[in-house]
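As structure tokens, the structure follows; a few thoughts come after it.
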Amino acid sequence: MELATGALPSVIAKLGDLLVGEYNLQKAVKGEIRFLQSELESMQGALAKVSATPADQLDPQDKIWARDLRELSFDIEDTIDAFVVRDIGNDNGDGEAKPRGISKLIDRSVSLFRKAKARHGIASEIMDIKSRVVEVHEHRRRYEINIGAGGGDKTATIDPRLFTRYTDAKELVGIGETRDELINILTEENGVSMLRAGKVVSIVGFGGLGKTTLANAVYEKIRSLFDCCAFVSVSQTPDLKKLFMDIIYQLDKEKYKDLNEKPLDLDEVQLINELREFLQQKRYFIVMDDIWDISIWKMIKCALPDNDVGYKIITTTRISEVAEKAGGVYKLKHLSLNNSRRLLYGRIFGNCEDTEKYPDEELAEVSERRLKKCAGVPLAIITMASLLACKARNKMEWYKVYNSVGTGLENSLDVKNMRKILSFSYYDLPPHLRTYLLYLSVFPEDYKIEKDRLIWMWVAEGFIQCGKQGRSLFELGESYFNDLVNRSMIQPIYDMYTDMVSECRVHDMVLDLICSLSSEENFVTILNGRDQGSLSYTIRRLSLQNGNEDHAMTSATRSLQQARTALYLSLGASEFYVYWIYKVVIFHKVTALRLRDTDIREAPEEIGNIQFLQTLDLRANPICDLPLNIVKLRHLTSLCFDGFARVPDGIGSLTRLEHLAYVLIDCATVGILEELGNLTELRVLCIIFWDGWNDKLVGLLHKLQKIQRLSIDVCMNNVRKNMGGLDAWVAPRHLVALDTEKICWFSSLPAWMTNPSHVPNLRSLSIAVREIRQADVETLGRLPALRDLQLQVDHEELGIRGVVLVIGSAGSFACLVCCGLWGFVGPAVFRRGAMPRLRTLRSRFSVREAIAVAGAGDDGLDLGLGSLPSLQEVNVSLDCEGASEEEVNELKAALRRATKIHPNHPSISIDGEKEEEDTYLISIYHTWHIGCALGMVAVFHAAPHRVEAKHVDHSVLPSVPKAWCPKPLMVVAPANAGTYPVAIFLHGCNMVNSWYEQWRKQD
């Protein structure tokens, strides 16, 4: 299902199901259904054309017709779903007692009567639907609607991006450093001039980030160094012939001065040859701005020869894949907070260098909040400045602007221009991706959206219709998620341990665009406590954001009969959720239900009546048992709850399940293991054993050949691990994550791990192996995708001592980000070339063994931490048995020394104690005012810092007037090692030395 086509794809498929399903419809009704299928398929094609046309280019009649058809498609789907529910509901569900004897005969008679009544009802409704479809069709003919072409004469519009090339250099903020960095990349390599060499650099970044501005700044700075140059905008649908002639004209305006009046009578191939011949012996510089399609770049590149004289090419694009294939990827950074502030205030007050024109403290507060939301995107900052510049200089007016942008409600010219620039990216998306992006408008601004949760919501909505080439619905959704990241439409958030995308957020500018489109198309209804006028349309998807509970409950009593999704994004809403379940969720069309962290103690029985439910999330609730009738939810694909809730018998009937977590197995529910073997579509399975290992688990795992993420845990920490229980299991090729460390020992490294090609996608591995040899470590190092390794061994129990684990093969553990090594008696030693991306290292080893290693070397203890170029954090636990206090202290000092001399200065924690940092003091003796404050804060916001307030006791000098006593001190200490911490005293008068001394003695 797509935004453009409403529910039509789903409706057409469901109409087909009515024809072939066991519903015994009358022959005449089937004929009407076939007519509807044919008519709706034609209309679907027309709606797809509407989707491809920007809203401002559509005729109003087109919009009305498209809206009516979309609403009709939803109503048709509701009718079909209601019939299916009534028909299925007349049969006894699983788990219910079966009637016998005369009761059985009576029940069967009643069921047949109800089915006949339901079929008569659907026949009548089909006729009503047909009349409405015909009316929509006639409406199109009556008003001669020309889909996508628009009507009447339209005023030509100007692309707002055009102005970025001609912005005065004085207005550009913070571009000098970035421009010079890019020039160095183009013209130098290792300090050697590469002006006579060929080079391609591709600037990639979010829409409105300043790619064109940067490219133009570089172009103007160095164009004089070349024989000829050109700056050309490519756009989404370029006319290649015109584009080539534009390049030719700019390269030699004298030779081709009459080109506009007398265009060259050449086709594209001839123009390419003309360009190649012209540039073959020239040092040229060309900027190809705004490339959207790699195939277009390949055509353009044919005209730009790789000569021996030297050339430079800059491309700009919003799409990462295009930049990677064009070559020389340069990811444009967002503006720093200081430069963002200069840009905002420069636009409002006219001089970004004049701190006297900065706002007072009252306005500074709202300014800082808005700048945070702009996230360093120049287009967003400039738009905000334009809105604020024409407002009164008071807090209330500025907060109105703050609250309006990002909701789709603000419609000033500047905001419309911002949306227009972003809409180029939106309308370049394939139709299905537009739907996935638009759905993100259900989340409020600054909301961190879990990747897996979002994909399951897409699945539940029916956006992802069917798997392709053996791929599951979730896998398809994951590829669509990655497409949106690749096109810079959503901002990825990476997991610190695997460096994989785990969440995303939507920039306020994009959110403003999609909220505006969602409202216009009645795709999502957003209630967030702001003035949004009356809701005139039927609510299809409802998002309740940041409002109080009373408001939410009142809104929920509105007409929600057609609601497919209802999200309540607030805290402390348990009572509301229970209310919502009883009043709304019981409707048959709900497909996704998330009751996570709502403090409900029992899962309502009504959940079992939601026959089309596909995803159910009950995590973070004190629920002990799931409803017995949950096994009736045959469409369920994802079921999540905490490991203390027991699943009912019959769980094996939910054969569509792909995600199941967490299943508690104890003596009363051990039979569930056999039922789980029926769930052959499972990709994610998390099991918790209460009483310890059960041998039936291996048999279960042999049946689950599609499993990708497997976690097996134990409730009680004192339960003894099973020995070798998983030795016979062979992981499926699709395995991505495995966690069995707490419950089972592998006797040795599994044979399937010795072949890296068997598990090419294994990213996270947390296992316990009784004994690991040097060769086993080298085997693990060859796993191509491994990013997180937690490895526990039993060497101490086995008496394996005097063995030094060397991780030294060049290129081993190439992707590893986080590593934990436990149970080794001696320390691991790292050699250059191994673990190039490792950021976090955790380990436990014996002090005595480490001293033995140090004694065998020429340089004392050297674990090779300096060989890990990306190291940021070290956590060490020491086994001090048999070692003196002096030896322990020497070892700790050696480890701390190793981190201090490391280029990254990684943080280190030894037995839970973090190294204390020295603090260097700087005193500032002038009066604080807002101009200085803004400048100072910028320094601190350039990187993450730890900030705390310190007090100095003035009682040491009781004769001093209290008014002279120092205020709390702001102490700013960088959280990341590598820079000297700084403490800044912010006060209006000098402090006596005794106060300085006293403060320095404080912890």
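Across 10 Å bins from 0, what is the distribution of all Cα-Cα pair distances for the stretch 750-812, in whole percents?
Result, from short to long distances: 19, 54, 24, 3 percent.
FRET efficiency for GLU885 and ASP691, Cβ-Cβ distance as r, R0 = 41 Å, nearest 0.05?
Efficiency at R0 = 41 Å is approximately 0.45.
So how much slack lies between LEU628 and ALA48, counting 0.36 nm per residue of separation and subtracting their Cα-Cα distance, in nm?
Extra length from LEU628 to ALA48 when fully extended: 204.4 nm.
Taking 35 Å as R0, compute the FRET efficiency from the Cβ-Cβ separation of GLN491 and GLN270 and round it to 0.05.
Result of the calculation: an efficiency of 0.20.
Specify the inter-centroid distance of the stretch 693-753 and the stretch 625-640, based on alpha-carbon positions, in whole Å.
25 Å
Compute the distance in nm between two label points, each set 7 Å from the Cα along the Cα-to-Cβ direction, one at ARG832 and one at HIS635.
Label at ARG832, label at HIS635, 6.2 nm between them.
Between THR655 and LYS253, with labels modelled 7 Å along Cα→Cβ, what's the label distance in nm to one decimal, could you check?
Result for the modelled spin labels: 7.3 nm.
Convex hull over the Cα atoms of the stretch 415-523, averaged projected area in nm²?
Averaging across all directions leaves 7.3 nm² for the Cα convex hull.
Where the eigenvalues come from the Cα gyration tensor of the stretch 162-331, what are the semi-axes √(5λ) of the equivalent ellipsoid, largest first, in whole Å?
24, 18, 16
Need the full-extension length gain, LYS298 to THR754, defined as separation in residues times 0.36 nm minus the C-alpha distance. One decimal, nm.
Length gained between LYS298 and THR754: 160.0 nm.
Modelling each spin label as a point 7 Å along the Cα-to-Cβ direction, I'd like the LYS325/SER131 distance in nm, to one decimal.
Those two pseudo-labels are separated by 5.3 nm.
Evaluate 2.2 N^0.38 Å with N set to the residue count of the stretch 795-913, then give the Cα radius of gyration divided by it.
1.00
Could you compute the net charge surrounding GLY376? Neighbours are other residues with a C-beta less than 11 Å from the C-beta of GLY376; K and R count +1, D and E count -1.
+4
Mind giving me the FRET efficiency for ARG720 and SER909? R0 is 30 Å, r the Cβ-Cβ distance, nearest 0.05 is fine.
FRET efficiency, ARG720 to SER909: 0.50.
Around THR740, with a cut-off of 11 angstrom between Cβ atoms, what is the net charge of the other residues, counting Lys and Arg +1 and Asp and Glu -1?
-1
By how many nm would the segment from ILE64 to GLU778 lengthen if fully extended, with 0.36 nm per residue of separation less the alpha-carbon distance?
Result for the pair: 250.5 nm of gain on full extension.
Quick one: net charge around GLU887, please, counting Lys, Arg +1 and Asp, Glu -1 for every other residue with C-beta under 14 Å from its C-beta.
-4
DSSP loop (so not H, G, I, E, B), at most 16 other Cβ within 10 Å: list which GluC sites (Glu not before Pro) in the stretch 189-297 pass both filters.
GLU254, GLU261
I need the trypsin sites (Lys or Arg not before Pro) found in the stretch 187-225, filtered to DSSP loop residues with at most 15 other beta carbons within 10 Å of theirs.
ARG196
Would any residue of the stretch 759-785 have its amide N under 14 Å from a label point 7 Å out along Cα→Cβ of ASN482? List them or say none.
760-763, 785
We did not get these values from a lab; they are worked out from the coordinates using the rules stated. On a predicted model such as this, the values are computed, not experimentally measured, just so you know. Quick reminder, even Gly has a Cβ in these numbers, built from the backbone with ideal geometry, and neighbours come from all protein chains shown.
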